[in-house]
Every structure is written in C-alpha cells, then in structure tokens.
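Structure first, commentary second.
Coordinate-derived values only; no laboratory data. Just so it is clear, the model here is predicted, and its values are computed rather than measured. Cβ placement follows ideal geometry from the backbone for every residue including glycine, while neighbour counts extend to all protein chains displayed.
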Amino acid sequence: MEQTNHYGQRPDEHAVLDIAAPFEGGAVGACLEGIRQDFPGQEYELEILSNKFRSFRKPGMKRTELYDSLIQSAAELTSREAPRWEFIAARIRYSQFEEELEERLAGLGISGFYGKLVYLTKEGLYGDYILEHYTEEEIREAETFLDQERNKLFTYSGLDLLIKRYVIQNHKRQPLETPQEMYLGIALHLAMEEKRDCRMAWVRRFYDMLSSMQVTMATPTLSNARKPFHQLSSCFIDTVPDSLEGIYRSIDNFAQVSKFGGGMGLYFGKVRATGGSIRGFEGAAGGVIRWVKLVNDTAVAVDQLGMRQGAVAVYLDAWHKDLPEFLQLRTNNGDDRMKAHDVFPAICYPDLFWKMAKEDLNQPWHLMCPHEILQVKGYSLEDSFGEEWERRYLDCVADGRISKRTVVLKDIVRLILRSQVETGTPFTFNRDVVNRANPNGHKGMIYCSNLCTEIAQNMAGIETVSTEIREENGDTVVVTTTKAGEFVVCNLASLCLGNIDVTDEAAVREITASAVRALDNVIGLNFYPLPYAKITNRRYRSIGLGVSGYHHMLAKNGITWESEEHLRFADEVFERINFAAVEASSDLAAEKGSYDYFEGSDWETGAYFDKRGYTGEKWDGLRRKVARQGMRNAYLVAVAPTSSTSILCGTTAGVDPVMKRYFLEEKKHAILPRVAPELTPRTYWLYKEAHLVDQTWSVRAAGARQRHIDQAQSVNLYITNEYTMRQVLNLYIQAWEEGVKTIYYVRSKALEVEECESCSS
C-alpha cells in the first residue's frame, strides 16, 4: 500500500510543497513535479533534497538566493551512488534561467523567436545576415523545430557553462536566448546558403544534430555563429620565413588571429640558428629563441577581447641547432632571459630520430642551421621527408662545410623527457609518418601541426613579391604585393560517440553526412581574420571532423580500455566514420564541385585507399565513386581535444580516458559535480581512470584509429611519479612504430596543464 502522511500526501508530494513554499509561486513547483516523475528511486526522493535545502535556507533570502541554494543542494547530493542528481540540479538551474529570461524579455517587449531576432539584430548582437537571408515565414517555421524536452539532456555543469559562455548576452552580460534558440540560430547560419527549396530541411537537420547532442561544433562556431563577427574557425598554422620581414609578418598574423579568438601553430624550422650568418657576416643571427620570446609577448598582449590570452604552439625540427635552448623554454631552471612560459613548444621528429633512440642512445646526433644548409647545399633539408630526408641529412653530416652542434642522443632525449614531465611539453609531431599519409602530397609539405596537434595539412610560407609607390585618387600610397602561400585553417566539429549508436552503420552515415555538410558550409560563411586564411581555406576546403565521448562509447558498449576488444572496436568504429565522411564529401563534390587540387591527389589516384589497406566490395565502390565524382574537401578527419564542448554534451573529452569517475569541482561561488556519463554499477568498473590505465593500450588504440584519420589526433599520455624516463621514451617509440602522427600533452599526475579552448569541438 502506498505510504502517505496524515494529510493524505505521499512524502514526495509533501517535499514538493515544502521546497516550493519559500518561492511563493513561479515555476519551481512544476519543475519539482517533473523531477519527481522522471527520477524514480529512493536515492532521488525529493525528501532528501528538501532536508538538504532546509540546511541552506535562511530567513529573508531573495528569490535568486533561494534558487542558488536549491541548485547547490541538488548539486552536492550528486554522488557515485546517486549520479543523476547532476541532472536534477540542471533542471532547477534551467527553471531559474527561464524565469529570469522571461522577465527580462517581457521588460523589453519581446515575444516569439522572430521578434527576438529583430531585437538582437537591431542591438548589434545578431548578424543582420540571418534576417536578410530568411523570410519572416521561414523564421517562424524554424521556431516550430524547437524541442524544449532536449533541455533535459543537460547536466548541471554543461548547462551552467552554456549559459555563462555560449548563449547571446546583452552588454550587461545578461542572457537573451535559450539553449535551444542558440542551437537553432547556429543551424540557421550554417544552412544559410543552401538552396531555397531544401534550406529549411537542412536547418532542421543541423538543429537536430546539435540539440540532441550527437554533434557539437567547435567553440568558435558555437560562440560566434549567428553573431556579427562570425569567426568560426578554431586554429591556424603559419610557416615562419627566414627573413626579418617574414618573421614580423607571421607575428602580426598571430596577433590578428588571436584578436578574434583563434589559436595558432607557428613553424620556426626555416629560421636560421643562433650564430648563423646575415648577409655574409658570420655570427650575426640571434637565433630562434629571441623570436619565440616576441611571440610569447604577443600572446600575452593580444588577449582575445579580454577573455583570455592568446594561445600559440611553436614548432622546431629535432635537428635544428637551437634545439637545446628551445627545450628549456618553459622549464623553471636556467637563464630567465631565454624563457617563454606562455607558448607551447613542439618538436618535429624524423623517423631516423626514433630509429636511433630505439637502437642506441649513445649515438651522436647532429644539430645544424637550416640557413647554412641552404647556402651550402642549395636545398632546404626541411622540405623533404622519409628516405630523401635521411639521405640529405647524412649528406649534410658528411659535408665539412656545414658546422654542426654534435650532441649525444641520450642528452637530447633527457632534455625532452625532463621538459615533458615538468611542463607537459614539448608536443610531438612525427613528420615522416604525417607526410607519407598526406593525401595531397602532390601539392606540398606538412611541416608541423596546430596548437592541439590534430591538424596536418599542406603548408607554405607567405612571400613578398614587390613593394610599389603609387598614386591613387590623388594620394601617394605604398602597395605591398604578397604571394599567399598555404596558411592553414581548421574548421572543426565532433561526433559525440556516447550519444550515437556507433554499431548502426546507417545512423553513423546519416549523422556524419550532416556534420560534413555543416563543416563545408562553414568555409563559405566564415569571417576570416586574414586574407591568407580565406585563400587557403577556399582552395583546399579542409575540414576536421573529430569525436568526443570515446571512453563514454566504450563503457556504454561494455568494453574495457585495456583489452583487445577495445582495439578491434575502435578500428571498426573509426573505419565506419571515415567511410561515411569520404562518401559524404564525394557526394558534396557531385553537388557543388571538388576542391581546387583534387586532380593528382591520392583521392583521385586511389593511393589514399591503398595506403590504408581499404579493400573489399564496399571500399572498392567508394574508390570508384571518388574517382568519378571528386572530393569536396582535401582533408576530412581530425580529432581535437573537446575539453569544454564535451562538458556541454555531458560526455568524456576527445579520445581520452576519464580523469576521475566522480568528483566535485570547486568554482567561484559554486560546486560543480563531474560524473562519468551514464555511471552505473555496470559501467563503474569500465571507467578506469586515466592515470591508472596502462598507457601502452592507449598508444595501441591511437595506432588503430590513426589508419582511418587522414589528419591527426590529440592524444595525451598520462603518467605517474612511478614512471621512469625509459618508460616514457618507450611510449614515444611505440607511438611512432604504431603510426601515430602526433602526441599532445604528457599529463603527469602532479601537473596542471592548460586546456585549449580554440580547438575544443
């Protein structure tokens, strides 16, 4: 028989009344009733919340304070045994948000989605292009797509982050749109230039994939789509030339990118080393470190609209003469005048480095100046890879005209590993592995990656052609003409693997096709901080479809991290995703045309499929389709870290294991629960924490995935104090042997590393 109190009420009904009483009306009661119905089980009885709330309540509390206390009560009830309190806290937080927003909009006289867009556009908070491209009838039709039930998908951490950072706010930092309106606004932007007869269908598909949390766009797209300054790309990569003019232009490029919230990768491998000659004068060059310090100061000075300082990774080749000093940029010992604590150093390794490290660490390793090599040999060593590079390197070593800084390999490796354990950096870029797999090697070289190590695209430095003095409209002007080079741009999104049935091939193909189309649309819709970025982006039309929720996916499917089953499953899932992505891009090419350099690429010749061992009827059919239809995008798949956007979706970050199954994060004035997604007694043991995982399994999994990723992936290594330097080195050698292109951070248990939000997708 159902238990009641002496008023004839069930305990939870009484709890609803008790909690709602101090609010004196409003939506609190309705919110609690919904919670009572949707969260059965003793551990979620509202009597528990009522008792907790009572301990927070004080006489005379304002409504906002009451809401904050109730939310905090629910958040603090989140535990390993009762993880869904984080969803209950989100429900209450949304009720508070909705109540405050409705009051704010009523004060402004705004009603309906169309009326809101008119107001936001007038205030300069919404781009006028939305109302210019869509009729009032289309906007009102779009409004019918809104599904408020999807607000229930948010965890408290995800909803709180979205409200504070992603929804449009007025100049007083007060939100003016709901989460669902945000997703719809982004969808309207991404579908803006689709054909009129099918445009609204694409708006719906884009809205559905975002609001159901099956796909998340990168942070710049989520933040800036639908806004006046719609810089939608995440990261940029520039090749720094070996000239005063070229170096300063690259630093200026970084400043312009940083101004609009983008992250940057800078390749310094062409810049002459310390003591190199300038115009024939020996010993005149100051070396790479001085220029890196300027980049560091620029990162601090250009602080992304006051939100956070600029973010940049600086790359140098493992044979560059300035390598020892470069490896100490962020360490705490040594000459502070040679430090740059606000940049992220990264090393580009040839195969030979790892071969020698595996064979014998006591061998000599020769560091040389790229400028001197060019002067003596007539070629740039960094412009080759693989066997050709090795042949040229040994030729340079044997040439007595080229000065060398010869070190024992062991000493260089020790410097690298010491820096990685102390600072998490340098990042790793396996240049020969990358370039062998490059589907567009017919058009250039890949020298380095970006800030988060997931991008691998053709690069070329910007060159000055001429500087002329002209008369224009009665004024004397100076016109500098430059050759654009290849200034890499990455446009990112992620499939939320934990929220997709990855075993359903049809479902994967459909959601991947939608994501690829949305990313391709970003290229034409984007606001570019630099013309060089626009040129390269439209020439290659490169995209970076990645994933989040990888560990979530494994746990949901009952798969342990340290298992052969994990490797088989990862191989199958990523092959399925890649097939869908290639097919979607080819179908887009049939509809809209191929990228400029398709002819002669591995896509056209079929070498792309050969290199990856793609055989069988299905893949042979796709190979023929690609040869016939072309490819819309030169590069397709890149796995970014997704640190912040995974929180929005309540899933695990990127391809990393969970840091902890459950913990409470202290933020300013709040406690935020962090819970492994869908944590149950069954999944608890499947969520082995990152620092407890045998890292050899993580490296093997990265190798299994890499075959299906035409670019790279942000792979972190998690180590403890028990790891020896040899063990860490062996992980890097293993990664190289497994064909892993890049390694991001080494995350020591005691080390706090800075998350990149530019690439978070």
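For Lys404, give me every one of the lysines with a C-alpha distance below 25 angstrom, ignoring sequence neighbours fewer than eight places off in its own chain.
Reachable lysines: Lys270, Lys293, Lys321, Lys339, Lys355, Lys358, Lys377.
How large is ³J(HN,Hα), in whole Hz, for each residue of region 603-610 in order, when computed from phi with the Karplus curve 6.51 cos²θ - 1.76 cosθ + 1.60 and θ = phi - 60°, using x for Gly and Pro?
Result, rounded to whole Hz: 4, 6, 6, x, 4, 4, 6, 5.
How high is the relative contact order of region 110-208, given as a whole-number percent (alpha carbon pairs under 8 Å, six or more residues apart)?
For region 110-208, the relative contact order is 25 percent.
Compute the Kirkwood hydrodynamic radius of region 110-208, taking the inverse of the mean of 1/r over all pairs of distinct Cα atoms, and give it in Å to one decimal.
14.0
Counting only pairs 8 or more places apart or on different chains, how many lysine pairs in region 112-228 have C-alpha atoms closer than 29 Å?
16
Report, to the nearest 10°, how far helix 505-525 tilts away from the longest principal axis of the Cα atoms in the chain, using its own Cα long axis and a range of 0 to 90°.
So the inclination is approximately 70 degrees.
Fewest first, what order do Lys172, Lys749 take by the number of other Cβ atoms within 10 Å?
Lys172, Lys749
In whole Å, largest first, what are the principal axis extents of the Cα atoms in the chain?
Its Cα atoms span 99, 70, 59 Å along the three principal axes.
Taking only Cα atoms, what is the 0 to 90° angle, nearest 10, from helix 28-38's long axis to the longest principal axis of the chain?
Value to nearest ten degrees: 80.
Tell me, Glu123, Glu47 in order of fewest to most beta-carbon neighbours within 10 Å?
In order of increasing Cβ crowding within 10 Å: Glu123, Glu47.
If each residue's Cβ is checked for other Cβ atoms within 10 Å, how do Trp202, Trp697 rank with the fewest at the top?
Trp697, Trp202
What shape does region 489-748 take by its C-alpha gyration tensor, where a ≥ b ≥ c are the square roots of the eigenvalues and a/c under 1.5 counts as rounded, a/b above b/c as prolate, and the rest as oblate?
Cα axes put region 489-748 in the prolate bin.
Return the tail of the calculated pair distribution for region 267-367, meaning the percent of Cα-Cα pairs more than 17 Å apart.
Tail of the P(r) past 17 Å holds 59 percent of the pairs.
Using bins 5 angstrom wide from zero, how does P(r) for region 317-420 break down, in % of all Cα pairs?
Taking all Cα pairs of region 317-420, the binned fractions are 2, 12, 22, 23, 19, 13, 8, 2 percent.
For region 583-643, count the residues as N, evaluate 2.2 N^0.38 Å, and divide the Cα radius of gyration by that value, please. Mind showing how you got there, number by number?
Details: Rg = 12.3 Å, N = 61, 2.2 N^0.38 = 10.5 Å.
The reported ratio for this selection is 1.17.
May I ask you to derive the relative contact order of the chain, considering only C-alpha pairs under 8 Å and at least 6 residues apart, and to give it as an integer percent?
Numbers: 1475 pairs, mean separation 99.9, N = 761.
Relative contact order for the chain comes out at 13 percent.
Sort 128-141, 540-553, 244-257 by the packing proxy (mean of other Cβ within 10 Å over each peptide's residues), most packed first.
540-553, 244-257, 128-141
Taking amide H positions as placed 1.01 Å from N in the peptide plane, with prolines and chain starts having none, which residues 5 or more places from Arg747, or on another chain, fall under 5 Å of its amide H?
Leu717, Tyr718, Ile719
How big is the equivalent ellipsoid of region 11-109 along its three axes, where each semi-axis is √(5λ) from the Cα gyration tensor, reported in whole Å from largest to smallest? Walk me through the numbers before you get to the answer.
Details: eigenvalues 103, 43, 32 Å².
After diagonalising the Cα gyration tensor, the semi-axes are 23, 15, 13 Å.
Over the alpha-carbon set of region 143-257, work out the extent along each principal axis and list the three values in angstrom, largest first.
Taking max minus min along each principal axis of the Cα atoms, region 143-257 gives 57, 37, 27 Å.
For helix 725-737, report the angle its Cα long axis makes with the longest principal axis of the Cα atoms of the chain; keep it between 0 and 90° and round to the nearest 10°.
So the helix axis and the longest Cα principal axis differ by about 80 degrees.
Can you list the lysines whose alpha carbon is less than 16 Å from that of Lys660, not counting same-chain residues fewer than 8 positions off?
The reachable lysines, counting only those whose Cα sits under 16 Å from Lys660, are Lys688, Lys749.
Provide the packing ranking of 277-287, 205-215, i.e. peptides ordered by the mean count of other C-beta atoms within 10 Å per residue, highest first.
By packing density, highest mean first, the sequence is 205-215, 277-287.
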